[in-house]
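Participant: Structure in structure tokens, see below.
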Amino acid sequence: AGAGAAVTLSACAQSVHPLSKSSESASESASASESASSSASASASSSASASSNKSYKGPLKFDNYEKNGTYVPATETEKAKNVPKPLPPEHMNDRSPEGIYEFTGFWLAAINYLMLTGDSEPLKKADPADVYVKQFDEYVRLYQDYDGWAYGADTLMEMSLLADLPRQSTKNPNQYTWSANLTFNQDLKAHVDGSAPHKIAKSEGGRTYVGVEYKNGVWVMLTGHEDEASASASSASA
């Protein structure tokens, strides 16, 4: 993502603390920071839609939630109640800048929802291969297995897009990148009984790129390992 990059979106779990040994009763093996390399190449040559004059630059906004009752934020002693649940937006899988924008917004909202609830169901709709679901599995188990929770903030991540439109890869016409700034909330903590509060974000964030690919009629978030997988497959075939 360039010399000043602090974090890449496709490696976002690397910037989330696994539950440490001191707060472990929550984890026997920390998997939330699965290694991931930088996202798809940012050497792009064309926008996702040359005819689009709309600019999406600025804070990434998402407001498609199922709301049940009054939202009550979590505290050090109580889990959050009635957390609004993100729903897939109408144009999330359109092959257009709007589609990429809505998909990215839903993906981000689904991760934030997972951190506040332990519910990975929305994220699975944005991550059919369960790549990111697995990266955040430790925080799913925090809720399900150890009766813990996150508190101190309403989101783990926020994003601002730095370009008007995404850019198409010169190597793969189905892949697009979008320059962005990603911020990790330093106030979000994990509560585990018998342990000191555990700070979740280990990076403040910084310049990054959203990397997506259009596959089988839907958008998927790139992991950074696509080239490795392709090379391994070619080698095995040979």
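Participant: Scan the range 150-162 for residues that are open to solvent by 30 Å² or more (accessible area, probe 1.4 Å) and within 25 Å of Glu102 (Cα to Cα) and report the count. Steps first, please.
Facilitator: Taking the range 150-162 and keeping what is open to solvent by 30 Å² or more (accessible area, probe 1.4 Å), we get 152, 154-155, 158, 160, 162.
Next, only the ones that are within 25 Å of Glu102 (Cα to Cα) stay: 154-155, 158, 160, 162.
Number of matching residues: 5.
Participant: Here is a further query. Looking at Thr170, Thr177, which is the one that is open to solvent by less than 40 Å² (accessible area, probe 1.4 Å) and of a type in the set (S, T, N, Q)? Explain how you work it out, then say what you get.
Facilitator: Numbers: Thr170 fails: open to solvent by less than 40 Å² (accessible area, probe 1.4 Å).
Result of the check over Thr170, Thr177: Thr177.
Participant: Show the residue pairs that are 6+ apart or on different chains and have beta-carbon atoms under 6 Å apart, the first residue being within the range 125-141 and farther than 15 Å from Glu213 by Cα, the second being surrounded by fewer than 17 Cβ atoms within 10 Å (Cβ to Cβ) and modelled with pLDDT under 95.
Facilitator: As it stands, the answer is Asp137/Ser31; Glu138/Ser31, since those pairs meet every condition given.
Participant: Pick out the one residue from Leu108, Leu114 that is of a type outside the set (S, T, N, Q), without any contact (Cβ under 8 Å) to a residue 40 or more places away in the chain and open to solvent by less than 40 Å² (accessible area, probe 1.4 Å).
Facilitator: Details: Leu108 fails: without any contact (Cβ under 8 Å) to a residue 40 or more places away in the chain.
Checking each option against the conditions leaves just Leu114.
Participant: From the set of residues in the range 187-202 that are open to solvent by 20 Å² or more (accessible area, probe 1.4 Å) and in a loop (DSSP other than H, G, I, E, B), which is farthest from Ala163 (Cα to Cα)?
Facilitator: Top of the filtered list is Gly194.
Participant: Looking at Glu90, Glu98, can you tell me which residue is part of a helix (DSSP H, G or I), at pLDDT 95 or above and not hydrophobic (A, V, I, L, M, F, W, C)? Break it down stepwise before answering.
Facilitator: Numbers: Glu90 fails: part of a helix (DSSP H, G or I).
When all the criteria are applied, what remains is Glu98.
Participant: Return a yes/no flag: does the range 123-130 have any residue that is more than 15 Å from the chain's Cα centre (by Cα), surrounded by fewer than 19 Cβ atoms within 10 Å (Cβ to Cβ) and at negative phi.
Facilitator: No, the range 123-130 contains no residue that is more than 15 Å from the chain's Cα centre (by Cα), surrounded by fewer than 19 Cβ atoms within 10 Å (Cβ to Cβ) and at negative phi.
Participant: Tally time: how many residues in the range 48-75 are among the polar types (S, T, N, Q), modelled with pLDDT under 90 and open to solvent by 90 Å² or more (accessible area, probe 1.4 Å)?
Facilitator: The first filter runs over the range 48-75 and keeps only residues among the polar types (S, T, N, Q), leaving 49, 51-53, 55, 64, 68, 70, 75.
Retained after the next criterion (residues that are modelled with pLDDT under 90): 49, 51-53.
In the following step, the residues that additionally are open to solvent by 90 Å² or more (accessible area, probe 1.4 Å) were identified as 51, 53.
Counting residues in the range 48-75 that are among the polar types (S, T, N, Q), modelled with pLDDT under 90 and open to solvent by 90 Å² or more (accessible area, probe 1.4 Å) gives 2.
The values are calculated or read from the model by the stated rules, or taken from the named source; none is laboratory data. Treat the numbers as computed from the prediction; the structure is a model and nothing was measured. Here Cβ is always computed from backbone atoms with ideal geometry, including for glycine, and neighbour counts include all displayed protein chains. When the accessible area is computed, the model is the full protein with side chains, heavy atoms only, and any ligands, DNA or RNA have been set aside. Shrake-Rupley method; radii C 1.70, N 1.55, O 1.52, S 1.80 Å.
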